[in-house]
Amino acid sequence: MDKRISWIITLLLVATFISSPSFAASSAKIIASFSVIEDLVKRVAGDDISITTIVPIGEDVHRWELTPPNVLAVEEADIVFYNGHGLEPWIRHLKAMASDRLTLVALAEMADYPTLTLQQGQYEGSPDPHMWMAPQGAAAYIDVITHTLSARFPERADAFRTRAEEAKDALSLLDQQVIERLEGIPHTNRLITMSEAALSYFAHAYGFEFAAIWGLNSETMGSAHDMASMSERLVDKRPPALFFESTTPDIHMDALARETGLTLAGPLYVDTLSEADGPAYNYPALLHHTTELLHEALGGARAEE
Ligand SMILES: [Zn+2]
């Protein structure tokens, strides 16, 4: 074959390969700010889009600082999915280095789900970022993820939509399972007390009263004043149990439990999933673990006997 014709055929083949849908989407570089968002993005994106997650499992998303590998990943990324509403204070550094072609998507800020406001602390009155702790809030994240991926990779839109419908059906089922499991907890025991005000969406969705020592982990944790007012509240309410979180040292809740003689239970997983062999290895497991912990510690099992 003529050498020139051979070259032209090769170039045409390469051009066809580059413009083919599978190549375009599989070469996409997506970033998730932390493990819960990574889990939700994967449910829509499928396995053939690579996702890099900024905050490693077990670390606190509120107090993370960008590392050199994070910066390298951002430089090569197409889309960054983050939560927003102040969950990731470090996102401002990421925005400062973002190129024009990088799409930044704040899921909680764009989600079609009612926003609750923080009731205490430095950010009192600001939107509470922990919207994913209600399954229907997570479903609203799925919609934003699907819309974003479909706009960027239209050739894959049908597959994204199919997976999103499956994910949302699973979240509705999960929501029902949580409702049924928590039903047995007596009305007088329906009080969640923890360090960070991270379960207000969950509490609101499932009919619990909610109390925390501070607003967000990014502010001062457990000042003498905050500890004293929580102690007073506990003496007054005497809930069956107090809870600590996986990303926060349990010293504050432990001190309150000792002082009041109340039981301490945990950990709750909110701002991170657990490792693969832990109880919150993915988003549904995180919700199931939360539900089982509350059911056990607040007397759901005793009520069913
Ligand atoms: Zn948090």
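Computed quantities for the displayed model
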| quantity | calculated |
| --- | --- |
| Filtered residues of the range 50-62 (kept if crowded, with 17+ Cβ neighbours inside 10 Å and out of contact with any helix residue (DSSP H, G or I) (no Cβ under 6 Å at 6 or more places or on another chain)) | 60, 61, 62 |
| Residue identified as within 16 Å of the ligand (Cβ to nearest atom) and within 22 Å of residue 150 (Cβ to Cβ) among 54, 37, 31 | 37 |
| Hits in the range 63-82 - residues which are out of contact with any Ser or Thr (no Cβ under 8 Å at 6 or more places or on another chain) and part of a loop (DSSP other than H, G, I, E, B) | 64, 65, 66, 67 |
| Breaking point among (1) within 30 Å of residue 232 (Cβ to Cβ); (2) more than 14 Å from the ligand (Cβ to nearest atom); (3) buried (at least 18 other Cβ atoms within 10 Å of the Cβ), for residue 268 | (2) |
| Candidates 212, 205, filtered to the one that is within 23 Å of residue 299 (Cα to Cα), surrounded by fewer than 20 Cβ atoms within 10 Å (Cβ to Cβ), under 26 Å from the mean Cα position of the chain (by Cα) and at pLDDT 95 or above | 205 |
| Leading residue by the ranking (modelled with the lowest pLDDT) among those in the range 32-63 that are farther than 15 Å from residue 275 by Cα and hydroxyl-bearing (Ser, Thr, Tyr) | 50 |
| Exclusive hit being surrounded by fewer than 16 Cβ atoms within 10 Å (Cβ to Cβ) and of a type outside the set (Val, Ile, Thr), set 176, 120 | 176 |
| Residues of the range 255-265 satisfying the condition of being surrounded by fewer than 15 Cβ atoms within 10 Å (Cβ to Cβ) and either farther than 14 Å from residue 213 by Cβ or within 16 Å of the ligand (Cβ to nearest atom) (or both) | 258, 261, 263 |
| Spans of helices (runs of 4 or more DSSP H) in the range 148-246 with at least 3 residues without any contact (Cβ under 8 Å) to a residue 40 or more places away in the chain | 157-182, 224-237 |
| Residues being small (Gly, Ala, Ser) and within 17 Å of the chain's Cα centre (by Cα) - total across the range 216-243 | 1 |
| Any pair with Cβ under 6 angstrom, 6 or more apart, that starts in the range 47-73 at a residue that is under 23 Å from residue 245 (Cβ atoms) and ends at one that is of a type in the set (Asp, Glu) and surrounded by fewer than 17 Cβ atoms within 10 Å (Cβ to Cβ) | 57/275 |
| The range 271-288 - residue that is surrounded by fewer than 22 Cβ atoms within 10 Å (Cβ to Cβ) and small (Gly, Ala, Ser) and, of those, nearest to the ligand (Cβ to nearest atom) | 274 |
| Failed condition for residue 29, given (1) at pLDDT 95 or above; (2) surrounded by 16 or more Cβ atoms within 10 Å (Cβ to Cβ) | (1) |
| Matching residues, the range 271-290, being of a type in the set (Phe, Trp, Tyr) and either touching a Pro at 6+ places or on another chain (Cβ under 7 Å) or not in a helix (DSSP H, G or I) (or both) | 281 |
| Scope the range 257-275; condition under 16 Å from the mean Cα position of the chain (by Cα) and either of a type in the set (Val, Ile, Thr) or farther than 20 Å from residue 196 by Cα (or both); matching residues | 270, 272, 275 |
| Output for the range 234-252, where each listed residue is within 16 Å of the ligand (Cβ to nearest atom) and under 20 Å from residue 201 (Cβ atoms) | 243, 244, 245, 246, 247, 248 |
| Pick from the range 210-233, criterion small (Gly, Ala, Ser) and farther than 16 Å from residue 199 by Cβ, ranking: nearest to the ligand (Cβ to nearest atom) | 218 |
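Per-residue answers, yes or no, for (1) in contact with a Pro (Cβ under 9 Å, 6 or more places away or on another chain); (2) part of a helix (DSSP H, G or I):
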{"site": "84", "(1), (2)": "yes, no"}
{"site": "93", "(1), (2)": "no, yes"}
{"site": "104", "(1), (2)": "no, no"}
{"site": "108", "(1), (2)": "yes, yes"}
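The values are calculated or read from the model by the stated rules, or taken from the named source; none is laboratory data. On a predicted model such as this, the values are computed, not experimentally measured, just so you know. Using ideal geometry, Cβ is built from the backbone for each residue, glycine included, and neighbour counts are taken over all protein chains shown.
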